[in-house]
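Read the structure below first, then the notes.
The values are calculated or read from the model by the stated rules, or taken from the named source; none is laboratory data. Only a predicted model underlies this, so the values are computations on that prediction, with no experimental measurement involved. Note that each Cβ is placed from the backbone with ideal geometry, even for glycine, and that neighbours are counted across all protein chains shown. Only protein heavy atoms, including side chains, enter the accessible area calculation; ligands, DNA and RNA are left aside. Shrake-Rupley method; radii C 1.70, N 1.55, O 1.52, S 1.80 Å.
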Amino acid sequence: MKKFLKILLIVLIIVAVVGIAFLGYGYYKKLTKKVQNPVATIEVEEFGTIKVELYPDIAPNTVTNFIALANRGFYDGLTFHRTIPEFMIQGGDKNGDGSGTPTLSDLKDDGSSTTNYAIEGEFIANGYNKNTLKLKKGVIAMARSDYSSLSTSLTTQGYNSAGSQFFIMTSNDHTNLSGYYTGFGKVIEGMDVVDA
């Protein structure tokens, strides 16, 4: 009987050690696993496909908003209504002329179809210091209103006026915009489509 108890104790110790090792390995894998950033695919009729890696770690609300609109089909059929060579291309306006803003119904089923919404700008000039992404060629950023030339009291309103419109930089020559607009990702495929 003593021999049986010793063997049972040894088996229990081995099972406990294996269990602890298994849990430790699982914890280690969880800590070291790199979470992949989401990738948005933009199909541009007659031009091709653009793939943009989004950065939720530096602009979480912006990425969430962009994905929510895309998943609801908001961007389907829209155009790049503003293209400025050696600067950027801009899209995401449901009116197609730069004047459109999304409504709550664009974002959720029970939202108002007459109430426009905007998101807070996640960039340094707006007091958000986690976003240090430079607005270089290939970076996607949120378009917003700019009232700074009209009145300093309207600056904050402009900073927090992004909704659905975005732009993709086509040049490195305009990094002076960095810190004033929410960059939230970068083109990883299809920069030739952006340039075209």
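Values as computed for the structure displayed
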quantity: Extension gain from ASP57 to ILE84, taking 0.36 nm per residue of separation minus the Cα-Cα distance; calculated: 6.8 nm
quantity: Estimated FRET transfer efficiency (THR155, THR132; beta-carbon r; R0 30 Å; 0.05); calculated: 0.90
quantity: Potential extension, LYS6-GLU120 segment - 0.36 nm per residue separation minus Cα distance; calculated: 34.4 nm
quantity: Rounded tilt (10° steps) of 2-32 against the dominant C-alpha axis of the chain; calculated: 10 degrees
quantity: Helix-only CD estimate at 222 nm, as mean residue ellipticity for the chain, using -39500 (n - 2.57) per DSSP H run (n ≥ 4); calculated: -9000 deg cm²/dmol
quantity: Label selected from (i) 100; (ii) 194; (iii) 146, the criterion being volume of the Cα convex hull per residue in Å³ as computed here; calculated: (ii)
quantity: Violating pairs (Cα-Cα greater than 19 angstrom) within the set LYS51/LYS186; LYS94/LYS137; LYS34/LYS137; LYS29/LYS130; LYS137/LYS186; LYS94/LYS134; calculated: LYS94/LYS137; LYS34/LYS137; LYS29/LYS130; LYS94/LYS134
quantity: Solvent exposure of the stretch 1-158 as accessible area per residue, Å², 1.4 Å probe; calculated: 67 Å²
quantity: Förster radius 45 Å - calculated FRET efficiency between SER105 and ILE14, Cβ distance, rounded to 0.05; calculated: 0.15
quantity: Charge-dipole axis of the chain as Lys and Arg at +1 and Asp and Glu at -1 on Cβ define it, positive-most pick from ASN71, ALA21, ALA162; calculated: ALA21
quantity: Pairwise label distance in nanometres, ASN172 with THR64, each label 7 Å out on the Cα-Cβ vector; calculated: 3.5 nm
quantity: Degrees between helix 60-71 axis and first principal axis of the chain (Cα, 0 to 90, nearest 10); calculated: 80 degrees
quantity: Theoretical gain in end-to-end length, LEU31 to ASP195 [0.36 nm per residue, Cα-Cα removed]; calculated: 55.1 nm
quantity: Whole-angstrom gap from the stretch 33-98 to the stretch 154-178, using each part's C-alpha centre; calculated: 14 Å
quantity: Dipole magnitude of the chain, debye to nearest 20 (Cβ charges: Lys/Arg +1, Asp/Glu -1, about Cα centre); calculated: 1840 debye
